[in-house]
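Every number here is computed from the coordinates shown, using simple stated rules; none is lab data. Every value quoted in this text rests on a predicted model; they were computed, and no experiment measured them. Heads up, the Cβs are rebuilt from the backbone with ideal geometry, glycines too, and the neighbour counts pull from every protein chain shown.
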Amino acid sequence: MSYEEVYKKGLAVGWTGLTVQEHAILLYYKVTERVLESERTTKGESECSSK
């Protein structure tokens, strides 16, 4: 099940109606998204300061 499928189901049935596994999928994507975002910001800041 993809993030989009779980997200749409969450909107349709309500977040409390999701299974533990589905919550884990959402959480996993949120965490990895934040990690990638912070890596991008860190790289961006170090590139700016090196110029």
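Overview of values
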| read-out | value |
| --- | --- |
| Table column - 3J(HN,Hα) (Hz), the range 3-12, Karplus curve with 6.51, -1.76, 1.60, x for Gly and Pro | 4, 4, 4, 5, 4, 5, 5, x, 5, 6 |
| For the range 13-26, Karplus couplings with θ = phi - 60° (6.51, -1.76, 1.60), whole Hz, Gly/Pro x | 9, x, 5, 6, x, 7, 7, 4, 4, 5, 5, 4, 4, 4 |
| R0 of 35 Å, Cβ-Cβ distance THR42-SER2: FRET efficiency to nearest 0.05 | 0.80 |
